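Visitor: To start, I am sharing the structure in question, which I have written as structure tokens.
Read-outs throughout are calculated quantities, based only on the coordinates presented, and are distinct from any laboratory measurement. Not measured: the values here are computed from a predicted model. Counting neighbours? That spans all protein chains shown, and the Cβs are built from the backbone with ideal geometry, glycine included.
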């Protein structure tokens, strides 16, 4: 079953802004009945309409990458692995690759 995010997002934005449907509809340039239909999930707003309504409530619609950020310790382990692989490449001049030592955090 497809999860609909827009109804909840619109309702939460409106409530957090302290607006009723009529006021948010007026500010965003849609009718109150259309806003009600969007909030109930009976109709899906276009991305432009969703962004405009959220902006009228004082919020911004944005996208974030689904990739989680690396913490320093994990990034260090990955760097160690990459450098170890680089050392093993055929045809590479011998000699140690230099990189700073990695201090493990005590979190």
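Visitor: Figure the gain on full extension for residue 40 and residue 78 (residue separation times 0.36 nm, minus the Cα-Cα span) and round it to one decimal in nm. All intermediate terms of the calculation are to be shown ahead of the outcome.
Guide: Numbers: separation 38, 0.36 × 38 = 13.68 nm, distance 4.60 nm.
Between residue 40 and residue 78, full extension yields an extra 9.1 nm.
Visitor: Okay, moving on. Tell me, what is the FRET efficiency for residue 27 and residue 63 to the nearest 0.05, using R0 = 41 angstrom and their Cβ-Cβ distance as r?
Guide: Numbers: r = 24 Å, r/R0 = 0.57.
With a Förster radius of 41 Å, E is 0.95.
Visitor: Now for a different question. How big is the Rg/Rh ratio for segment 6-56, C-alpha atoms only, Rh by Kirkwood, two decimals?
Guide: Working: Rg = 9.2 Å, Rh = 10.3 Å.
Rg/Rh: 0.89.
Visitor: Under a point spin-label approximation (7 Å from Cα along Cα-to-Cβ), what is the residue 11-residue 48 distance to one decimal in nm?
Guide: Between residue 11 and residue 48, the simple spin-label model gives 2.8 nm.
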